[in-house]
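The structure appears below as structure tokens.
Read-outs throughout are calculated quantities, based only on the coordinates presented, and are distinct from any laboratory measurement. Model, not experiment: these values are computed from the prediction. We place every Cβ from the backbone using ideal geometry, glycine too, and count neighbours over all the protein chains shown.
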Amino acid sequence: MPTPRWLAVVATLVAGSAALPERALADQRALTVLANGLPSLGASLDEVRAMPLPEGRRLLCGGDDNMPRLADPTLVEPLTGRASGRIRFCTVVAPADGGATRWSQAAIPSLAGPARLWLVLVEQGGGGRYRLARVSLWAGREAWDKVVEAVTALLGPPSAGGAQMLGWEDAQHETLMFLDPKDPDSFAIAVADLHLRKLLRSPGAAGRAGD
């Protein structure tokens, strides 16, 4: 699935989630069952960079020094063209096609099998202090039931549910699972800190998050 499309889907689903009824408990404990070593919501950029990765992979964030040559030069850039130093997007990359001249987005092991990871950090309080606001994983559709079962066992039944989306929320965190109608072979699960996510919507913070 091309990178920009998932951002538009996130925007639509996040906007719609405000109208959902009361939801079951959800918090970032969901991250602990999705993949080993995922950083916690609220983590600093340095803490995010310390996450363990499979050999041959590295974490790449927008604005990094010494950017590698990317197969998709826009991989971690904002979509809107409006420069925003308040948001940074990170993902995992590896040498494309086994070569060393170009890098491309790479999968990490997860409960759902190989999955593409996106991390969204937002500046909190100025001074370049970035905090992790949202973690999302994209994986093959065949793992949907397995992930639903694991998350439900941890958080309880979702109170927002349907064939396309499931949601859990508490006072601080939100967990969403959703299918992309344009790509029925994959799904995403996103876990967000609600307070930090609000900062993504503040003036000048428009960008790839789609909020």
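Residue separation of residue 71 and residue 36 scaled by 0.36 nm, minus their Cα-Cα distance, works out to 9.9 nm of gained length. Compute the Cα gyration tensor for segment 98-154, then decide on rounded, prolate or oblate, letting a ≥ b ≥ c be the square roots of its eigenvalues: rounded whenever a/c is under 1.5, prolate when a/b is larger than b/c in the other cases, and oblate in all that remain. Oblate, since a/c reaches 1.5 and b/c is not below a/b.
Direction-averaged projected area, Cα convex hull, segment 36-152: 8.5 nm², rounded to one decimal. Where in segment 91-135 does the amide nitrogen come within less than 16 Å of the point 7 Å from the Cα of residue 172, taken along Cα to Cβ? Of the residues in segment 91-135, 131-135 have backbone N under 16 Å from the label point off residue 172.
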